[in-house]
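The structure under discussion appears below in the form of structure tokens.
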Amino acid sequence: MSQAPLQTEDDLQLVKAYILLPMLLDVLERDIRALGNVKLKLGAVYIEILRGVQDRVTADVTLLRRQMRARGLKIYDEQRTERHVEVRYLCRGYHHRFSMLWGLVKAELSIRLSEYLRS
């Protein structure tokens, strides 16, 4: 009988989401504050939409943490430099690293925000 692989593509996607979703919450909060300081005719509507997205992202973060725990994934270090963000994590007892360049982070955040706004 063969053993399960130490790390799967699904595990990597969970780690990636763990990096991106909290950043998306930060971006949304910053944008909501900026919209509050700008005189727009429908500013309150835009803020309400972004608050709804925040609520869905927060629910997804909760689900993500539950899934990570169930799979034996634990992030124990996050470093942000001028070039990239890097996390170190345990995957079923083995140490791994995952990093993303800021350009990729920005592109991924744009894609994820678009998906939330469409749903």
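The values are calculated or read from the model by the stated rules, or taken from the named source; none is laboratory data. These figures come from a predicted structure and were not determined experimentally. Side chains included, ligands, DNA and RNA excluded: accessible areas come from the protein's heavy atoms. Shrake-Rupley method; radii C 1.70, N 1.55, O 1.52, S 1.80 Å.
A few remarks follow.
- For region 19-104, the fraction of 1.4 Å probe accessible surface lying on carbon and sulfur atoms is 54 percent.
- Average Cα contact separation per residue, the chain, under 8 Å, 6 or more apart, as relative contact order %: 25 percent
- Solvent exposure of the chain as accessible area per residue, Å², 1.4 Å probe: 69 Å²
- Per-residue ellipticity at 222 nm computed for the chain from its helices equals -22000 deg cm²/dmol, with DSSP H segments shorter than 4 residues left out and the rest contributing -39,500 (n - 2.57).
- The alpha carbons of the chain occupy a box of 64, 31, 20 Å along the principal axes, longest dimension given first.
- Partner aspartates and glutamates whose Cα lies under 20 Å from the Cα of Lys39, excluding those fewer than 8 positions away in the same chain, are identified as Glu29, Asp31, Glu48.
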